[in-house]
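The values are calculated or read from the model by the stated rules, or taken from the named source; none is laboratory data. Source: prediction; values computed, not measured. We place every Cβ from the backbone using ideal geometry, glycine too, and count neighbours over all the protein chains shown. Just the protein is used for accessible areas: all its heavy atoms, side chains included, with ligands, DNA and RNA removed. Shrake-Rupley method; radii C 1.70, N 1.55, O 1.52, S 1.80 Å.
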Amino acid sequence: MNANKIAIIADQNAMMLFPNYFDKLWEDIPKFVFSVLPGESNKSIEEATYLWRNLQNNHFDANSLIVNFGGGKVTDLGGFVASTYHRGIPFINVPTTLLGMIDAAIGGKNGVNLEQVKNAVGTFCLPQDIIIDTIFLKTLPPYQLLNGFGEMIKYALIGSQELWNEIKSLSTIHYYEIKKEWIDFCIDFKKKIVAKDPYDQNLRHILNFGHTVGHAIESLCMAKNRPIAHGHAVALGIIAEAHISAHCHQLSFADYEEIKKVILSLYQFNDSILQRAEMSQLMDYISLDKKNNDNLLNFSLLDKIGQASYNHYIEESHCREAVLNMM
């Protein structure tokens, strides 16, 4: 490691739980810790500006290194800051959540939210390295494990019937039930897709299954000041997009019903998350999805459990019916 100094952009909670995690790493290099608040609402241009100013005030340059230590919010934000400060300085991701390990820290997508719209401003820039340490999973409460598990369900549905068969046998989620080989599968699957389509032009769209509706749910809930965790929103989005897959594509209705049943058995959703009166607003957010073209809604859909395809243009009425039947 030839860096002249290291900035550790750290989630406050992760730093409190593991204050000495970096003590023996890069011992001879000066380290600066910049803590950021947890929560999607803090993944903002204002937070990025706070970090840029700290880097500038402490004379970080192209020979420095940024280490992003936390969940998906931190790796998204820290990667964005690193890839834009001085037109880009090297960074490493150390994800501390299941969501970060299997999704957010991988693939080089970095960004911040803009006025409740998820990842509206961002960059493509790969980290120099990703450190995966499953010791962090032991600290996660069930809600946060389920946050990452929403993405794991997605990987199973788009890439592995075998993984889905194992997942659907679970009645609850605890850290000791999450197998290392499941994590490894998700990481390897995403890396292979990203290698083929690094700039999200075609094949990489399948990784977005569940996210067109899921991101819209997150945005609406942020705007209503009742935030929902990313993986929980994606789990709901998966139900909606599986519905569309069955009604507008080739997923069997039996598989759709199975997907919905499994997700609703693991997640405790209630009517306060989404109300029917808000469906028009939800559709407005769905219409802002970056994949849409010429006012047409663009979805990645399931061909069958374990296989997905992309660029399916769906009428708004079918999408509206799907979101009305999520819960």
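Anything in the range 107-133 that is outside any loop (DSSP other than H, G, I, E, B), of a type outside the set (A, V, I, L, M, F, W, C) and more than 13 Å from Val67 (Cα to Cα)? List them, or say none. Hits for the range 107-133 are Lys109, Asn110, Gly111, Asn113, Lys118, Asn119, Gly122, Thr123. Among residues of the range 82-103 being open to solvent by 10 Å² or more (accessible area, probe 1.4 Å) and in contact (Cβ under 8 Å) with a residue 40 or more places away in the chain, the one that is farthest from His232 (Cα to Cα) is Pro90. Looking at this structure, is Ser309 surrounded by 13 or more Cβ atoms within 10 Å (Cβ to Cβ), at pLDDT below 95 and small (Gly, Ala, Ser)? Against the criterion (surrounded by 13 or more Cβ atoms within 10 Å (Cβ to Cβ), at pLDDT below 95 and small (Gly, Ala, Ser)), Ser309 does not qualify. Of the residues in the range 23-33, not one is within 19 Å of Ser83 (Cα to Cα), buried (at least 19 other Cβ atoms within 10 Å of the Cβ) and modelled with pLDDT of 95 or more. Taking only the range 176-222 into account, find how many residues are small (Gly, Ala, Ser) and in contact with a Lys or Arg (Cβ under 7 Å, 6 or more places away or on another chain). Going through the range 176-222 one residue at a time, the tally reaches 2.
Going by the conditions given, is Pro95 out of contact with any Asp or Glu (no Cβ under 8 Å at 6 or more places or on another chain), under 23 Å from Cys186 (Cβ atoms) and not charged (D, E, K, R)? Lay out the reasoning, then the answer.
Details: out of contact with any Asp or Glu (no Cβ under 8 Å at 6 or more places or on another chain): yes; under 23 Å from Cys186 (Cβ atoms): yes; not charged (D, E, K, R): yes.
It is true that Pro95 is out of contact with any Asp or Glu (no Cβ under 8 Å at 6 or more places or on another chain), under 23 Å from Cys186 (Cβ atoms) and not charged (D, E, K, R).
The requirement of being at pLDDT 95 or above and part of a loop (DSSP other than H, G, I, E, B) is fulfilled somewhere in the range 147-160, by at least one residue.
Residue selection: Lys43 satisfies the criterion of being in contact with a Leu (Cβ under 9 Å, 6 or more places away or on another chain), basic (Lys, Arg) and closer than 24 Å to Asp200 by Cβ.
Would it be correct to say that Leu163 is farther than 22 Å from Lys260 by Cβ, modelled with pLDDT of 95 or more and surrounded by 21 or more Cβ atoms within 10 Å (Cβ to Cβ)? Steps first, answer last, please.
Working: farther than 22 Å from Lys260 by Cβ: no; modelled with pLDDT of 95 or more: yes; surrounded by 21 or more Cβ atoms within 10 Å (Cβ to Cβ): yes.
Spelling it out, it is not the case that Leu163 is farther than 22 Å from Lys260 by Cβ, modelled with pLDDT of 95 or more and surrounded by 21 or more Cβ atoms within 10 Å (Cβ to Cβ).
Output the residues belonging to the range 261-281 that are of a type outside the set (Val, Ile, Thr), open to solvent by less than 60 Å² (accessible area, probe 1.4 Å), within 18 Å of His243 (Cβ to Cβ) and free of Cβ contacts under 8 Å to residues at least 60 places away in the same chain. If the condition is that a residue be of a type outside the set (Val, Ile, Thr), open to solvent by less than 60 Å² (accessible area, probe 1.4 Å), within 18 Å of His243 (Cβ to Cβ) and free of Cβ contacts under 8 Å to residues at least 60 places away in the same chain, then Phe269, Leu274, Met279 are the ones that fit. Residues that are within 18 Å of the chain's Cα centre (by Cα) and without any contact (Cβ under 8 Å) to a residue 60 or more places away in the chain occur in the range 145-153; there is at least one.
Any idea which residue in the range 34-81 is surrounded by the fewest Cβ atoms within 10 Å (Cβ to Cβ), counting only those that are within 19 Å of Asn13 (Cβ to Cβ) and polar (S, T, N, Q)? Of everything passing the filter in the range 34-81, Ser41 is surrounded by the fewest Cβ atoms within 10 Å (Cβ to Cβ). Restricted to helices (runs of 4 or more DSSP H) entirely inside the range 226-326, those with at least 1 residues that are within 19 Å of the chain's Cα centre (by Cα) and of a type in the set (Gly, Ala, Ser) are 230-248.
Evaluation of Ile135 against the conditions (1) open to solvent by 60 Å² or more (accessible area, probe 1.4 Å); (2) farther than 19 Å from Lys180 by Cβ; (3) of a type outside the set (D, E, K, R) shows that the sole unmet condition is (2).
Residues being among the charged types (D, E, K, R) and not in a loop (DSSP other than H, G, I, E, B): count how many of those fall in the range 167-183.
Final tally of qualifying residues: 3.
Residue-level check: of (1) open to solvent by less than 50 Å² (accessible area, probe 1.4 Å); (2) under 23 Å from Asn68 (Cβ atoms); (3) within 14 Å of the chain's Cα centre (by Cα); (4) not β-branched (Val, Ile, Thr), Phe209 misses just (2).
Starting from residues that are more than 18 Å from Asn57 (Cα to Cα) and exposed (fewer than 15 other Cβ atoms within 10 Å of the Cβ), keep the ones in the range 3-22 and report whichever is farthest from the chain's Cα centre (by Cα). Among residues in the range 3-22 that are more than 18 Å from Asn57 (Cα to Cα) and exposed (fewer than 15 other Cβ atoms within 10 Å of the Cβ), the one farthest from the chain's Cα centre (by Cα) is Asn20. Residues in the range 216-231 that are crowded, with 24+ Cβ neighbours inside 10 Å and either closer than 15 Å to Asp76 by Cβ or of a type outside the set (A, V, I, L, M, F, W, C) (or both): Glu218, Ser219, His230, Gly231. Considering only residues in the range 180-196 that are in contact (Cβ under 8 Å) with a residue 12 or more places away in the chain and open to solvent by 20 Å² or more (accessible area, probe 1.4 Å), the one that is nearest to Tyr143 (Cα to Cα) turns out to be Lys180.
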